[in-house]
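The values are calculated or read from the model by the stated rules, or taken from the named source; none is laboratory data. Just so it is clear, the model here is predicted, and its values are computed rather than measured. With ideal geometry, Cβ positions are generated from the backbone for all residues, glycine too; neighbour counts draw on all protein chains shown.
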Amino acid sequence: MQISVIIPVLNEEAVIGACLAQFCGVEDVELIVVDGGSTDGTQQVVEARGGVQWVQVERAERALQMNAGAERAKGDVFLFLHADTFLPPDGLMLIRDSVRVPNVVGGRFRLGLSEKTIGFRLVAFLSTLRSRYLGITYGDQGIYVRRETFNALGGFPPLQLFEDSEFCSRVAREGKFMMLNARVCSSTRRWRKWGFVRTVVEMWVLRLLYMCSVSDVTLSRWYR
């Protein structure tokens, strides 16, 4: 069972090498990096790694990038991974085991964060609960889906924000959307850049506005 790992990037020179390195020596894995217009050395780092497909798209929109990567992918399962996210050591095995169950169409991991302070542990715990009980899942949890399910849904919706959670909600309506009993490790750099409290509050405010039908284009402009 081949897994296609699709990684959308924009100026990820600092982290993409380590992200790709976690798949060194792993069999039956296809690596696809989709760039949205990087101006740093991201492409050079990827090309130096070898064995990775480089896909260029015209603008930095994750939905566009991930769909472009899926068009190139040949795997039975698509795993959409952020450039600063690391799988647990047995992550690929857990994905393969889960999709061997007939009614499972995809899934995600529990969220883990790179810093282990009380605040970040709480964020990771609550994010996992949010995904499990509210069905709101974001890309930093490592989303995977069967190829046929992805194609049936037409890929990620063309949204500029919350395309990942909207996609996961649609996947869950197609069959069982697993939460694996293992954690990814995602970087806390976003929280460090914007501030811990501000990041948490702003994301929830944006989410509430999205639920109130505020345009994703407007929300994306505020987010950026």
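Take the conditions (1) under 29 Å from Gly25 (Cβ atoms); (2) at pLDDT below 95; (3) buried (at least 18 other Cβ atoms within 10 Å of the Cβ); Leu159 misses just one of them, which is (1).
Counting only residues that are surrounded by fewer than 14 Cβ atoms within 10 Å (Cβ to Cβ) and in contact (Cβ under 8 Å) with a residue 12 or more places away in the chain, which one in the range 120-145 is farthest from Asp90 (Cα to Cα)? Residue satisfying both the conditions and the ranking: Gly135.
Just wondering, is there one or more residues in the range 168-178 that are loosely packed, with under 13 Cβ neighbours inside 10 Å, farther than 27 Å from Ala70 by Cβ, free of Cβ contacts under 8 Å to residues at least 12 places away in the same chain and not small (Gly, Ala, Ser)? Walk me through how you get there before you give the answer.
We begin by selecting, within the range 168-178, every residue loosely packed, with under 13 Cβ neighbours inside 10 Å; these are 173.
Narrowing further to those that are farther than 27 Å from Ala70 by Cβ: none.
Within the range 168-178 (the criterion being loosely packed, with under 13 Cβ neighbours inside 10 Å, farther than 27 Å from Ala70 by Cβ, free of Cβ contacts under 8 Å to residues at least 12 places away in the same chain and not small (Gly, Ala, Ser)), the answer is no, since none of the residues qualifies.
For beta carbons closer than 8 Å, sequence separation of 6+ or different chains, a first residue in the range 86-113 that is within 19 Å of Cys185 (Cα to Cα) and touching a residue at least 24 places away in the same chain (Cβ under 8 Å) and a second that is surrounded by fewer than 16 Cβ atoms within 10 Å (Cβ to Cβ) and of a type in the set (Gly, Ala, Ser), the qualifying pairs are Phe86/Ala18. Figure legend. Inter-residue proximity from the range 202-224: first residues more than 15 Å from Asp164 (Cβ to Cβ), second residues of a type outside the set (A, V, I, L, M, F, W, C) and not in a helix (DSSP H, G or I), beta-carbon distance below 8 Å, spacing 6+ or different chains. Indicated pairs: Val217/Gln160. Suppose the filter is among the acidic types (Asp, Glu), surrounded by fewer than 17 Cβ atoms within 10 Å (Cβ to Cβ), without any contact (Cβ under 8 Å) to a residue 40 or more places away in the chain and out of contact with any Leu (no Cβ under 6 Å at 6 or more places or on another chain); does Glu148 pass it? Taking the combined requirement at face value, the residue satisfies it.
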